[in-house]
Amino acid sequence: MATFLSLINIVLQSAIVIFGSTIVLYNLPYFRRDRVTRAFSLLTSFVVIVYVAELIVSIGVPVATAATWLRAEWVGIAQVPAALLHLSDVLLISTGSVSDRRRFTVYGTYLISTVFMTLAMLTDLVVADVIQQNGLTYLASSTLFPFFSLFFIVVTGLAIWNIWRARNRTIIPITRRRLTLVLGGALAAPIGVYPYLLISGSRTAPTLESIIVLLFFGYFVVGAM
């Protein structure tokens with residue numbers, strides 16, 4: 001059963017990488033001309049980075065290689081909140097709500113995300129050693145991981161609130177429906193990339209069967225995004 005679930009896990013990760021990469025490539029011609037497309041493409045790119053790393057680790061690699069990819073994965077994990085807030089800002093701008101304070105908040109969020117990303121990749125302050133248990137491979141949480149989690153939740157919540165505001169500011173029904181879809185996609189990104197296995201900080205992993213439902217939920221919502 002565990003082998004079958006692992007195979008399904010790899011198939012779904014591969015599908016997300018393929019379709020996510022395709023969307024980013026499709027949007028490249030509009031990347032410089034349209035700020036909403038640019039922000040959404042950045043968000044999608046960071047999600048794809050997470051799933052590329054997860055896919056490589058899932059197919060079975062040596063522990064040292066797994067550690068390298070799991071740390072590289074933090075390029076996506078750390079930057080998703082900032083990219084999501086960036087998207088929410090440009091959506092509000094598209095409805096006529098321009099705010100210098102909000103723009104500087106986006107810049108500051110990217111800066112903090114970059115700090116967490118650097119610490120996760122180069123030190124053991126956010127994540128530590130690789131753990132391989134019950135068919136799962138992940139990094140142990142470290143001292144600063146609770147602070148990152150708080151940052152992740154607060155920034156994601158602010159971004160969702162901004163997108164909700166942008167939706168409510170629209171008048172044309174079709175635009176409101178589109179922003180409703182964007183809101184769903186915005187919820188999918190943080191749900192799909194947050195490293196749930198690190199929450200407890202414990203070195204005892206749950207069974208593959210117990211975590212697979214949560215993983216599959218993340219895959220499907222990211223797929224919808």
message = Which condition from (1) under 17 Å from the mean Cα position of the chain (by Cα); (2) open to solvent by 10 Å² or more (accessible area, probe 1.4 Å); (3) of a type in the set (A, V, I, L, M, F, W, C) is the one that Ala120 breaks?
response = (2)
key: Subset of region 26-48 [in a helix (DSSP H, G or I) and charged (D, E, K, R)]   = Arg35, Arg38
task = Could you list, in sequence order, all residues of region 131-159 that are open to solvent by 70 Å² or more (accessible area, probe 1.4 Å) and among the polar types (S, T, N, Q)?
result = Gln132, Asn134, Thr143
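Kindly indicate whether Val11 is under 23 Å from Leu85 (Cα atoms) and of a type in the set (Val, Ile, Thr).
Numbers: under 23 Å from Leu85 (Cα atoms): no; of a type in the set (Val, Ile, Thr): yes.
No.
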Every pair of residues 6+ apart whose Cβ atoms lie under 7 Å, when the first sits in region 163-185 and is closer than 15 Å to Val90 by Cα while the second is in a helix (DSSP H, G or I) and open to solvent by 100 Å² or more (accessible area, probe 1.4 Å) = Leu183/Trp164
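What residue, among those in region 44-63 that are closer than 28 Å to Leu85 by Cα and small (Gly, Ala, Ser), is least open to solvent (accessible area, probe 1.4 Å)? Show your work before the answer.
Start the filter on region 44-63 by keeping residues that are closer than 28 Å to Leu85 by Cα, which leaves 44-55.
Next cut, small (Gly, Ala, Ser) only: 45, 53.
Values: Ser45: 38, Ala53: 2 Å².
Here the answer is Ala53.
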query = If you go through region 20-43 one residue at a time, how many are of a type outside the set (Val, Ile, Thr), open to solvent by 30 Å² or more (accessible area, probe 1.4 Å) and within 17 Å of the chain's Cα centre (by Cα)?
reply = 4
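Looking only at residues in region 76-101 that are open to solvent by 30 Å² or more (accessible area, probe 1.4 Å) and assigned to a helix (DSSP H, G or I), which one is nearest to Trp161 (Cα to Cα)?
Restricting attention to region 76-101, the residues satisfying the condition of being open to solvent by 30 Å² or more (accessible area, probe 1.4 Å) are 86, 93-96, 98-101.
Retained after the next criterion (residues that are assigned to a helix (DSSP H, G or I)): 86, 93-94, 100-101.
Working: His86: 13, Ile93: 14, Ser94: 16, Asp100: 18, Arg101: 16 Å.
Among them, the one singled out is His86.
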key: Given (1) at pLDDT 80 or above; (2) open to solvent by 70 Å² or more (accessible area, probe 1.4 Å), number of the condition Val126 does not satisfy   = (2)
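Residues checked against (1) in contact with a His (Cβ under 7 Å, 6 or more places away or on another chain); (2) modelled with pLDDT under 85:
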site: Leu12; (1), (2): no, yes
site: Ser21; (1), (2): no, yes
site: Ala39; (1), (2): yes, no
site: Val50; (1), (2): no, no
site: Ile59; (1), (2): no, yes
site: Ala66; (1), (2): no, no
site: Arg71; (1), (2): no, no
site: Pro81; (1), (2): no, no
site: Ser88; (1), (2): no, no
Options Asn168, Asn162: the member that is surrounded by fewer than 14 Cβ atoms within 10 Å (Cβ to Cβ) and modelled with pLDDT of 85 or more = Asn168
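Would you mind finding the one in Ile10, Ile16 that is buried (at least 20 other Cβ atoms within 10 Å of the Cβ) and either touching a residue at least 40 places away in the same chain (Cβ under 8 Å) or over 29 Å from Gln132 (Cα atoms) (or both)? I'd like the intermediate steps shown before the answer.
Working: Ile10 fails: buried (at least 20 other Cβ atoms within 10 Å of the Cβ).
Matching residue, one of Ile10, Ile16: Ile16.
The values are calculated or read from the model by the stated rules, or taken from the named source; none is laboratory data. Computed from a prediction, not measured in an experiment: that's the story for all the values here. Using ideal geometry, Cβ is built from the backbone for each residue, glycine included, and neighbour counts are taken over all protein chains shown. Quick note on the areas: whole protein, heavy atoms, side chains included, nothing else; ligands and nucleic acids left out. Shrake-Rupley method; radii C 1.70, N 1.55, O 1.52, S 1.80 Å.
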